[in-house]
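What follows is a set of notes on a single structure, which appears directly below.
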Amino acid sequence: MNPLIPAPVPIPLPAPVWLLQSLSVFTFILHLLLMNCLVGGVVLLCLSAYRGRHDPQHRELVRRIAPVMPSVVSFTITFGVAPLLFLQLVYGQFFYTSSVLMAWGWLSVLCFLLIGYYGIYWFSFHQDELGSRQFWVILVTAAMFLAVMVLFSRNLSFMLHPADFYPRFLARGAGGFLAPPNPATWARLMHVFVSALGVAGLGLALLAGAWRRESADLAAWARRYGLRWFRTWIGVELLVGIWLLWRLPVEIRAQFLGADRLSTGILLLAVVMVVLAMWAAPKSLTVGAVALAGTLSLMAVIRQLVRVAYLRPYFDPHALPVQGQWVVFALFAILLVAGLATMGWMLYQLFRRAPAAGPSAP
Amino acid sequence: MNYPFWEVPVIGGGLVIGIIAILHIFVSHFAVGGGLFLPLTERKAYRENDPALLEYVKSHTKFFVLLTLVFGAVSGVGIWWAIGLVNPEATATLIHVFVWGWAIEWVFFLVEIAAAFVYYYGWDRLDPKTHLTVGWIYFGAAWFSLVVINGILTFMLTPGRWLETHTFAAAYFNPGMLPSCLTRTAVAVALAGVYALLTASAVRDVELRHKVIRYAAKWLLVGAFVIPLGGIWYMSTLPQLAREMTMGAAPAVTIFTALAVFFSLLVAVFTYFGPYLYPRYFNLTFAFLIAVLALATTGVTEWAREAVRKPFVIYNYMYSNTIRVNDLNRVRQQGILKSALWVRTHAVDPQNPSAAGEDIFRVECASCHSVNGYNSMRFAVKGWRRSMIDYQLQHLNELKGFMPPFVGTIEERQALALWLVNLNPELAPEPAYPAEKTGAAPPTNPGEPKP
């Protein structure tokens, strides 16, 4: 059966495909970094809240990590908007179809997100009052974010399988909850999850650096603990990565195993970077973090290459007409630079000063 | 037509969007107006050297952040989610026209989020001048994000010259953009007052409570004074049919428009004679009452604004059922079942025409009508014979100006009529259907926009 694929919108793209895809990848990298910290962070919090019932170090760890999490959630969501926008522009006919075919699941992302987000605020504002209920609150919160992760992974994976769309429609109509699995479903999901655990470990080690003045022992322990998480889970991630590679269709796998020099080179570089990150992190967190950020960036590029490869038999976005809206794009670019600079200035103002007794009249 | 249709039982997809959108608007306008309220009130506290007022602003900030950053942000994403599920074709079209507009809005939103956090966590860390600057940055970013999204929203009802030029500038600077921007800014200021009344009513210090209640009431009244001015200006830019729908042509829309005016007046009158004149008698219950009325005003106004856009989702460009005006003749010629991708039957089976009728209903009608729930088709055709339904289908856009024309072949129209009449099986079956030439339906009906 020929796959049913909606026709693209009969309006030219407002910029060349390479620019839209580059922006999609660039903004996705920012989202990916934060999303890893969020998902790994809530799992880490969950575990520490459980162990913290008897272990004061874990208790203290929870006390210090929790207040950071609301802003991580907020920026994860916000940075996730842009890549989804560019994805809908270029590959909308696949994305909307897969979303509609699992509409209830896709819509429920909002509920899970809302409960998880308020859960994390509740947890961070009322840790002391929660007492032994702490663990249950963060467990439910973590479950919400993990549900969001599963639904995202399933939808973005389903959109790459347009041949499954019409059979699914005939069998279940529109509006299901979960998309049908494909050979790479579980490997892809585990790849996201395990990566998050590892990245959050390094995030913890970095965060611990800020606690050195107040509590050197805690900072040293948290750094060791975070690094252990990082190295363990990123080690596992390498195995999961191989699993995922083997679950990809044979022609796409071949693309990364020599058939295409660029794809193979990027994958190799990503592996080298991650090994460098694991090796360097205990000696220099900065080098480790930069290498890990580089790895994640390369993984975002690989993800884009895989998407293009999956959809190549059905659709070539380069064939779409383009009519550049360059003036508005220039305005966007200028505002983006100005906006990032403003954010940088505000954050600098916030973190350059220690908390004071309170504001006074000027 | 181009995408599978998500049938939401009972309430229909339109209400899913409506519920999320109304709640979002009620909070997101507060995110803008509250963003002005915070630095102005903080500055007032410094100028009057009033530490108690400053403490109030601090506590209001926490409420503000918890409501706008969490619910406001997630429900904003929620509208995007919902329109993408209910009407992917229109969403994709908007994204093609406005992607850089949305990207710009995203930048403002990023700055807004960062500023909100720095403002909140900066109360004890920043000097007052820097803190106030962050507050102004927040408001600037929030207001510009409203300005950007407002132009996209008004485009759908008043696309103006875009229909001919297809340029971003023509799309964005559409006739409804400026008046709607003024109205929404005024709504934001009024809602800042509504929410401030809620938090002010909970203040324990009696003197401070009275002061802040009266101060918050002024915000609401200023907004309430400007809203009608913006509203009248906005109404003057509406397409003729849309304006007529609010003035009697469509009773439900007229009632909702009247309710919007009535609730707004009620809020303004209650506020003037309550918290403004007699703050000492004002309490949390009264504040909730005003908030509920304000939410009701938002609800009916937004409902009416959406309703007057019918029969289009993008005026004179795409009908509510996502069929483009330019595609009408093509679809008429080749039939709706051959034009639509996501149907189970691609031709009317003479043995079972009802199956095709159901598919056609999903493609052409279900974006506004449910079978048994909201805007129910079963009730709409109750008591009608098949010939009556068929006649209505032939002249839909003439009989009801806010409905798109039926497009499809004669066999498809008859199949739909059969399926519709079967929704009420208690009606006696009609005698044999009158003979009619088969094939493509007659060309455009009067009143249709020229493709």
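The table below lists the values:
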item: Calculated [θ] (222 nm, deg cm²/dmol) that DSSP helices of n ≥ 4 give over chain A, each run adding -39,500 (n - 2.57); result: -26000 deg cm²/dmol
item: Formal net charge of residues neighbouring B:Ser145 (Cβ-Cβ distance under 11 Å; K, R +1; D, E -1); result: -2
item: Phi to ³J(HN,Hα) by Karplus 6.51 cos²θ - 1.76 cosθ + 1.60 over the range B:329-336, Hz, x for Gly, Pro; result: 5, 4, 5, 4, 5, 8, x, 6
item: Cα gyration tensor, chain A - rounded (a/c under 1.5), prolate or oblate; result: prolate
item: The range A:17-317 - charge dipole about Cα centre, Lys and Arg +1 at Cβ, Asp and Glu -1, debye rounded to 20; result: 400 debye
item: Estimated vicinal HN-Hα couplings, Hz - the range B:173-188 in sequence order (Karplus 6.51, -1.76, 1.60; Gly, Pro = x); result: 8, 7, x, x, 4, 5, x, 5, 5, 4, 4, 5, 5, 5, 4, 4
item: Size of charge dipole - the protein assembly as shown - debye, nearest 20, with Cβ of Lys, Arg +1 and Asp, Glu -1, no other charges; result: 1580 debye
item: Under 15 Å, Cβ to Cβ, from A:Gly201 - net charge with Lys/Arg +1 and Asp/Glu -1; result: +3
item: Straight-distance crosslink candidates among lysines, where the alpha carbon sits under 19 Å from B:Lys211 and sequence neighbours closer than 8 are dropped; result: B:Lys44, B:Lys58
item: For the range B:325-421: rounded, prolate or oblate by the Cα gyration tensor [a/c cutoff 1.5]; result: rounded
item: Hz values of 3J(HN,Hα) by residue in the range B:21-30 - Karplus curve (6.51, -1.76, 1.60), Gly and Pro given as x; result: 5, 5, 5, 5, 4, 5, 8, 5, 5, 5
item: Pairwise label distance in nanometres, A:Phe26 with A:Thr286, each label 7 Å out on the Cα-Cβ vector; result: 2.5 nm
item: Inter-part distance where the range A:156-203 and the range B:205-283 are each reduced to a Cα centre, Å; result: 47 Å
item: Partner chain coverage, peptide B:126-138 - average Cβ within 10 angstrom; result: 3
item: Residue among B:Phe109, B:Val86, B:Ala366 farthest towards the positive dipole end of chain B, charges placed on Cβ; result: B:Phe109
item: Surrounding net charge for B:Ala356, when Lys and Arg each add one and Asp and Glu each subtract one, Cβ distance under 10 Å; result: -4
item: Nearest-0.05 FRET efficiency for A:Arg133 and A:Ala341, computed from C-beta distance (R0 56 Å); result: 0.85
item: The range B:38-169: Rg to Rh, with Rh as the Kirkwood radius over Cα pairs; result: 1.10
item: Interchain or long-range residues, amide H under 5 Å from A:Leu13's placed H; result: A:Val322, A:Gln323
item: Distance (nanometres) between label positions extended 7 Å along Cα→Cβ at A:Trp104 and B:Asn316; result: 4.2 nm
item: Centre separation in Å (Cα based) which lies between the range A:205-235 and the range A:71-99; result: 33 Å
item: Label-point separation in nm, A:Ala254 to B:Asn372, each point 7 Å along Cα→Cβ; result: 5.4 nm
item: Length-normalised contact order of the range A:17-317 in % [C-alpha pairs under 8 Å, at least 6 apart]; result: 20 percent
item: Fewest-first sequence of A:Cys37, B:Cys368 by Cβ atoms within 10 Å of each Cβ; result: B:Cys368, A:Cys37
item: Rounded Å value of the spacing that divides the Cα centres of the range A:1-62 and the range A:268-304; result: 17 Å
item: Charge dipole of the protein assembly as shown about the Cα centre (unit charges at C-beta), most positive-ward option of A:Phe94, B:Leu126, A:Ala333; result: B:Leu126
item: Cα gyration tensor shape for the protein assembly as shown, rounded if a/c is under 1.5, else prolate or oblate; result: oblate
item: Relative contact order (%) - chain B, alpha-carbon pairs under 8 angstrom, separation at least six; result: 17 percent
item: Per-residue [θ]222 nm for chain B (sum of -39500 (n - 2.57) over DSSP H runs n ≥ 4, rounded to 500); result: -21500 deg cm²/dmol
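Taken together, the values in this text are just the output of simple stated rules run on the coordinates, not laboratory data. Fair warning: this is a prediction, and the values are worked out from it, not measured in the lab. Reconstructed Cβ throughout: ideal geometry from the backbone, glycine too, with neighbour counts over all protein chains shown.
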